[in-house]
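I have placed the structure first, in the form of structure tokens, so that the comments after it can refer back to it.
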Amino acid sequence: MSVLIVGSVALDDIKTTTAEHRDLLGGSASYASVAASFYTPVSMVGIVGDDFPEVHRDTFRNRGINIDGLEVVQGKTFRWSGEYEEDMNNRRTLSVELNVFEHFSPKIPTRSRQTPYVLLANIAPSLQAHVLDQVEAPKFVVADTMDLWISLARPDLLALIKRVDMLILNDSEARQFTGERNAVKAGRKILELGPRYVVVKKGEHGALLFSRDNFFATGAFPLEDIADPTGAGDCFAGALIGYLAKTDDISFESIKKAVIQGTLAASFNVEAFSLKRLERLTREEIDIRHGEFSRYISVNGAH
Ligand code: AMP
């Protein structure tokens, strides 16, 4: 089964305490599509300007991603710039230039409208809703969001999440959205607002998966060195939906496994800037890390 991913495609400038890089390939759809491509065929929909480097298009093509839906218009590509503190959980957005994104209205190519698995990667919830208006009877829809939309577009977000199967957000966003300080309470409260499943990501502390009658928690894959955390959440969401599409199984057991795959994809992504690590990642490396992670989290004989 294939996946349709709609979101931002960006040029990022990123600074950490040890390095600084400009004009990196970024954007929620870029990260999510590359991560999903390890599991299943991906069609990506987004927008770029005529300054978008061909080498970034090659990154998508090399992963077999269908970019027929990547609109190119006159003007500059969306740009985002961020800076991380020593504690990489803390990030400051330095600048955002919407550029061609300002007038973006996602158009889903006719042959992608029946894609069964849809990821509404992080963009304005009104645009995410516009995508849903164009797809025909999808089997499973996942939406990602961010603090900006929770504060600026709350009514749109509330309307959107009634139409999706799963909402993914991080713990601070879940708190902001619900006013609950406790991430477990926040997750449960979001379930009451519409989606059948909620994933609350807790960065290096892992992720929580909620449904009305089930719950799952996992840690993150333990890493010593992190080069750049940008896009970890997008990779998590991309691998999650990619795995669901590959197995075409949306049972709770399968969703748990998809959360583990998301965790692994995020762990690889943070090992290098932009998509550099995922560009050279192999299926075998994912399987090896999956084996390691399974050993780390299993406790023989415990009940
Ligand atoms: P994350 O680290 O998961 O928050 O994702 C970072 C990516 O999101 C970067 O590559 C940015 O280009 C992209 N991004 C930042 N702000 C926005 C926004 N307002 N809408 C869509 N994408 C964004």
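Can you name the condition, by its number, that Phe268 falls short on among (1) part of a loop (DSSP other than H, G, I, E, B); (2) in contact with an Asp or Glu (Cβ under 8 Å, 6 or more places away or on another chain); (3) at negative phi?
Looking at each condition in turn, Phe268 falls short on (1).
Out of the residues in the stretch 254-267 meeting the condition of being within 23 Å of Val6 (Cβ to Cβ) and hydrophobic (A, V, I, L, M, F, W, C), tell me which one is surrounded by the fewest Cβ atoms within 10 Å (Cβ to Cβ).
Ile255
Ala129 passes all but one of (1) in contact with a strand residue (DSSP E or B) (Cβ under 6 Å, 6 or more places away or on another chain); (2) more than 12 Å from the ligand (Cβ to nearest atom); which number fails?
(1)
Pairs only if they're at least six apart or on different chains, beta carbon under 8 angstrom, first in the stretch 149-164 and within 16 Å of the ligand (Cβ to nearest atom), second among the β-branched types (Val, Ile, Thr) and open to solvent by less than 60 Å² (accessible area, probe 1.4 Å); list them, first residue then second.
Leu157/Thr145; Leu157/Ile150
Listed here are the residues, each with its yes/no results for (1) within 16 Å of the ligand (Cβ to nearest atom); (2) under 20 Å from the mean Cα position of the chain (by Cα); (3) of a type in the set (Phe, Trp, Tyr).
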residue	(1), (2), (3)
Phe52	yes, no, yes
Asp58	no, no, no
Asn66	no, yes, no
Leu70	yes, yes, no
Arg79	yes, yes, no
Asn90	yes, yes, no
Leu98	yes, yes, no
Ile108	no, yes, no
Pro116	no, yes, no
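If you take the residues in the stretch 108-126 that are open to solvent by 30 Å² or more (accessible area, probe 1.4 Å) and part of a helix (DSSP H, G or I), which one is nearest to Val164 (Cα to Cα)?
Only one residue tops the list, namely Ser126.
Report, by residue number, each residue of the stretch 95-106 that is surrounded by 14 or more Cβ atoms within 10 Å (Cβ to Cβ) and either of a type in the set (D, E, K, R) or not in a helix (DSSP H, G or I) (or both).
If the condition is that a residue be surrounded by 14 or more Cβ atoms within 10 Å (Cβ to Cβ) and either of a type in the set (D, E, K, R) or not in a helix (DSSP H, G or I) (or both), then Val96, Glu97, Phe104, Pro106 are the ones that fit.
Being open to solvent by less than 30 Å² (accessible area, probe 1.4 Å), closer than 26 Å to Asp133 by Cα and among the hydroxyl-bearing types (Ser, Thr, Tyr) narrows it down to one residue among Ser2, Ser81, Ser37; which is it?
Ser37
Looking at Ser81, Ser28, Ser33, which is the one that is over 17 Å from Glu279 (Cβ atoms), in contact with a helix residue (DSSP H, G or I) (Cβ under 7 Å, 6 or more places away or on another chain) and of a type in the set (Gly, Ala, Ser)?
Of the residues listed, the single one that is over 17 Å from Glu279 (Cβ atoms), in contact with a helix residue (DSSP H, G or I) (Cβ under 7 Å, 6 or more places away or on another chain) and of a type in the set (Gly, Ala, Ser) is Ser28.
Residues checked against (1) without any contact (Cβ under 8 Å) to a residue 24 or more places away in the chain; (2) open to solvent by 10 Å² or more (accessible area, probe 1.4 Å):
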| site | (1), (2) |
| --- | --- |
| Leu244 | no, no |
| Thr247 | yes, yes |
| Phe252 | no, yes |
| Asn269 | no, no |
| Phe273 | no, yes |
| Glu279 | no, yes |
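Among the residues of the stretch 13-26, write down those that are open to solvent by less than 10 Å² (accessible area, probe 1.4 Å) and more than 19 Å from Asn90 (Cα to Cα).
Leu25
For the stretch 68-84, check the following and say yes or no: at least one residue is in a helix (DSSP H, G or I) and either touching a residue at least 24 places away in the same chain (Cβ under 8 Å) or closer than 30 Å to Ser254 by Cβ (or both).
Within the stretch 68-84 (the criterion being in a helix (DSSP H, G or I) and either touching a residue at least 24 places away in the same chain (Cβ under 8 Å) or closer than 30 Å to Ser254 by Cβ (or both)), the answer is no, since none of the residues qualifies.
Name the residues in the stretch 25-63 that are more than 30 Å from Lys257 (Cα to Cα) and touching a residue at least 24 places away in the same chain (Cβ under 8 Å), would you?
Scanning the stretch 25-63 gives Ile47, Val48, Gly49, Asp50, Asp51, Phe52, Pro53, His56.
Given (1) assigned to a strand (DSSP E or B); (2) open to solvent by less than 10 Å² (accessible area, probe 1.4 Å), identify the lone condition not met by Tyr31.
Exception for Tyr31: condition (1).
Please name all residue pairs, on different chains or six or more residues apart, with Cβ atoms under 8 Å, provided the first residue is in the stretch 13-24 and is closer than 18 Å to Glu271 by Cβ and free of Cβ contacts under 8 Å to residues at least 12 places away in the same chain and the second residue is acidic (Asp, Glu) and surrounded by 11 or more Cβ atoms within 10 Å (Cβ to Cβ).
Sorted first by the residue in the stretch 13-24, then by its partner, the pairs are Glu20/Asp13.
Name the helices (runs of 4 or more DSSP H) wholly inside the stretch 134-238 in which the number of residues that are surrounded by fewer than 23 Cβ atoms within 10 Å (Cβ to Cβ) and among the hydrophobic types (A, V, I, L, M, F, W, C) is 2 or more.
Answer list for the stretch 134-238: 147-152, 154-161, 183-191.
The values are calculated or read from the model by the stated rules, or taken from the named source; none is laboratory data. Just so it is clear, the model here is predicted, and its values are computed rather than measured. Virtual Cβ from ideal backbone geometry, glycine too; neighbours counted across all protein chains shown. When the accessible area is computed, the model is the full protein with side chains, heavy atoms only, and any ligands, DNA or RNA have been set aside. Shrake-Rupley method; radii C 1.70, N 1.55, O 1.52, S 1.80 Å.
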